[in-house]
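Participant: Here it is, the structure, as structure tokens.
Just so you know, all these numbers are worked out from the coordinates, no wet-lab data involved. Every value quoted in this text rests on a predicted model; they were computed, and no experiment measured them. Every residue, glycine among them, receives a Cβ derived from its backbone with ideal geometry; neighbour counts consider all protein chains shown.
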Amino acid sequence: MQMRKLGSLEVSLIGLGCNNFGRRCDEGQTRAVVEAALEAGINFFDTSDSYGGTLSEQYLGKALGARRDEVVIATKFSSPIDDDPTHRGASPAWIVQAVEGSLRRLGTDRIDLYQQHFPDAEVPIEATLEALDRLVREGKVREIGCSNFSGQQIDQAASVAAEKGWTPFVSAQNQLNVLHRQPLDDVVPACARHGLGFLPYFPLASGLLTGKYSRGKPPPEGTRLAGMPEERASRLLSERNFARVEALTKFAESRGHTILELAIAWLAAQPTMASVIAGATRPEQVKANAKAVDWALTAEDLAEIDRLLE
């Protein structure tokens, strides 16, 4: 497995997204998926205190057990974790509580990458960064990152950290895939300006880029889109998207690959890419995701993919 730098961390080019743990995966299934990831050479595990109502962190910590020191754990704060309105956001008061909860659930003494899950319009970025810098100085957190920030918000955070001499964000995590490419216009250039590594989530467009959905048919039982609100699912399963998926599938197959391999190889070829965060509910999905980075797309391939998507 290829490794890439993320601040002082070294992460596998495929990461394991843990948002299914505690929701679509029980403790036993989580263990099987984590073991498959370790076996495939994946060392980067991305979770959040809000996934599975805090169960994702618990299940991940237990599944890693004595192998904790072999991996890089990323988690997040600021999304609501329960009905208490004070248990969310990016205030210094909540950050102090949130990090202790995550450390306890993960069964570890430090978080390798601690990410702000969403911007918080009610808390100045200065207050958040000062609190995060304190966690780094205390040794509870090694690096910090942001998620769902705009390019402008990344610029602002970088400027504040530089001015105050505080720990800067080393990563940005946003939705990016071959069908949803907006971050290439503002977020990825901001990452390039400030030396952040990019972490794409939903790399397979909720399964649309795996070939498991068919035009004119409802999403199969048990798939991610089957459990999604109908309006959101139908936006993804649009005629335009199916036409693009069919064109990409033909392109991949003509080169002896699957559309899943194309989706991940395309991300791996984008600027500032650190690790592709791919979720999984079964060990065989982890293996397929890990194998996909073996395909290195050429400049001609990338140009042809752009042309197919126009």
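Participant: Kindly write out, for segment 48-56 in residue order, the coupling ³J(HN,Hα) from the Karplus curve 6.51 cos²θ - 1.76 cosθ + 1.60 (θ = phi - 60°), rounded to whole Hz, with x marking Gly and Pro.
Facilitator: Once rounded to whole Hz, the list reads 7, 5, 8, 6, x, x, 6, 5, 4.
Participant: May I ask you to evaluate 6.51 cos²θ - 1.76 cosθ + 1.60, the Karplus curve with θ = phi - 60°, for each residue of segment 173-187 and list the ³J(HN,Hα) values in order in whole Hz, giving x for glycine and proline?
Facilitator: Coupling constants for segment 173-187: 10, 9, 5, 8, 7, 5, 9, 10, 10, 3, x, 5, 7, 10, 6 Hz.
Participant: Apply the Karplus parameterisation 6.51 cos²θ - 1.76 cosθ + 1.60, with θ equal to phi minus 60°, to every residue of segment 197-210 and state each ³J(HN,Hα) to the nearest whole Hz, in sequence, with x for glycine and proline.
Facilitator: Whole-Hz 3J(HN,Hα) from phi for segment 197-210: x, 9, 10, x, 10, 6, x, 9, 6, 6, x, 4, 8, 10.
Participant: Run the reach check for residue 76 against lysines, Cα to Cα strictly under 20 Å, same-chain hits fewer than 8 apart removed. What comes back?
Facilitator: 5, 62, 140
Participant: Let me ask something else about it. Ranking 238, 275, 147 by Cβ neighbours within 10 Å, fewest first, what do you get?
Facilitator: 238, 147, 275
Participant: Provide 141, 276 in ascending order of the number of other Cβ atoms located within 10 Å of each residue's Cβ, fewest first.
Facilitator: Placing the least packed residue first, the sequence is 141, 276.
Participant: Along the charge dipole of the chain, Cβ charges K/R +1 and D/E -1, which of 158, 213, 238 sits furthest on the positive end?
Facilitator: With unit charges placed on the Cβ atoms, the residue in question is 213.
Participant: Now for a different question. On full extension of the chain, what length is gained from residue 221 through residue 294, given 0.36 nm per residue of separation minus the C-alpha to C-alpha distance?
Facilitator: Stretched fully, the residue 221-residue 294 segment lengthens by 23.2 nm.
Participant: At most 11 other Cβ atoms within 10 Å and a DSSP loop assignment: could you name the GluC sites (Glu not before Pro) in segment 116-174 that fit?
Facilitator: Listed in order of number, the matching sites are 122.
Participant: If you don't mind, there's one more thing I want to ask. If you rank 109, 301 by fewest surrounding Cβ atoms within 10 Å, what's the result?
Facilitator: 109, 301
Participant: If each DSSP helix of 4+ residues adds -39,500 (n - 2.57) and the sum is divided by the residues in the chain, what number results at 222 nm, nearest 500 deg cm²/dmol?
Facilitator: Computed ellipticity for the chain at 222 nm equals -12500 deg cm²/dmol.
Participant: So what is the relative contact order of the chain, in percent, for Cα pairs below 8 Å that sit 6 or more residues apart?
Facilitator: Reported as a whole number, the value is 20 percent.
Participant: Roughly how many nanometres apart are two label points built 7 Å out from the Cα toward the Cβ at residue 26 and residue 104?
Facilitator: 2.6 nm
Participant: Continuing with the same structure: For the chain, with only Lys/Arg (+1) and Asp/Glu (-1) charged at the beta-carbon, what is the dipole magnitude about the Cα centre, in debye rounded to 20?
Facilitator: For this selection, approximately 560 debye.
Participant: Additional query: Which one, 12, 150, 254, has the greatest fluctuation when you compute a Gaussian network model over the chain with C-alpha springs under 10 angstrom?
Facilitator: Result: 254 has the largest fluctuation of those listed.
Participant: For residue 122, put the label point 7 Å out on the Cα→Cβ axis and report which residues of segment 61-82 keep their amide N under 16 Å from it.
Facilitator: Hits in segment 61-82 for residue 122 at 16 Å: 78-82.
Participant: Lys/Arg Cβ at +1, Asp/Glu Cβ at -1, dipole of the chain taken about the Cα centre: which of 96, 197, 28 is farthest positive-ward?
Facilitator: Looking along the dipole axis, the top candidate is 28.
Participant: How big is the gap, in Å, between the Cα center of segment 164-187 and the Cα center of segment 1-79?
Facilitator: Value for the Cα centre distance between the two parts: 20 Å.
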